There are 2 protein chains.
Amino acid sequence: MNKIVIEVMPKVEILDPQGKAILGALKRMGFNNFTEARQGKRFELTVDGEVTDEVLKAAHEAADKLLSNPVIEAVVNVSKMD
Amino acid sequence: MNKIVIEVMPKVEILDPQGKAILGALKRMGFNNFTEARQGKRFELTVDGEVTDEVLKAAHEAADKLLSNPVIEAVVNVSKMD
């Protein structure tokens, strides 16, 4: 089945407490290569049929209207999965 | 700054109630091209310096030990961000 992947991240200017907690845990576990961590969301939508331009446009619209909160989140990727 | 992206999804055999809720909302909103939706997580780790093989190995280890629950989730991608 064809799939579309949609990726949503907290905006750069928004504090990401989950990311901060992850960074703290990484450091406590001895992972010292990382200076920042941010957590977002990844969606996979299975498509009924081909991934046409129209379907991709619908996925973009769904990403903006349902899958992200535009005040605090940015849609960083909407694309056909390999 | 160099970044590593880590992506985690619920395993195929695991029920994903969030994904089911999203699919229901998509249908109610008139998006009828999609037959399944699944929700996972996307992490961005900022790296202090170059993304060497050693740093990527540490990111894989962090993905397995901290960022995913191996009983119900699969790490689907660990890679340097473009």
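Every read-out reported here was derived from the displayed coordinates using simple, explicitly stated rules and does not represent laboratory data. None of these values were measured; they are calculated from a predicted model. Cβ sites come from the backbone with ideal geometry, for glycine too, and all protein chains shown count toward neighbours.
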Between A:Lys80 and B:Asp48, with labels modelled 7 Å along Cα→Cβ, what's the label distance in nm to one decimal, could you check? 4.3
Positive end of the charge dipole of chain A (Lys, Arg +1 and Asp, Glu -1 on Cβ, about the Cα centre): tell me which of A:Val75, A:Pro10, A:Ala25 has its Cα farthest that way. A:Ala25
By how many degrees, 0 to 90 and rounded to 10, does the Cα axis of helix A:53-62 deviate from the longest principal axis of chain A? 50
Give, to the nearest whole percent, the P(r) tail of chain B beyond 19 angstrom, counting all Cα pairs. 48
Nearest 20 debye, what's the magnitude of the dipole of chain A about its Cα centre given +1 on Lys and Arg Cβ and -1 on Asp and Glu Cβ? 580
Looking at chain B, which GluC sites (Glu not before Pro) are in a loop (DSSP not H, G, I, E or B) and have at most 15 other Cβ atoms within 10 Å? B:Glu13, B:Glu50
Using a Förster distance of 35 Å, the FRET efficiency for A:Val12-B:His60 (Cβ separation, nearest 0.05): 0.85
Relative to the longest principal axis of chain A, what angle (0 to 90°, nearest 10) does the C-alpha long axis of helix A:17-28 take? 50
Where the Cα pairs of the protein assembly as shown fall when distances are cut into 10 Å bins, in %: 10, 37, 34, 16, 3
Where rotation carries A onto B, the chain A residue whose Cβ is nearest that axis, in whole Å: A:Arg42, 2
Within chain A, how many lysine pairs that are 8 or more places apart, or on different chains, have C-alpha atoms less than 14 Å apart? 5
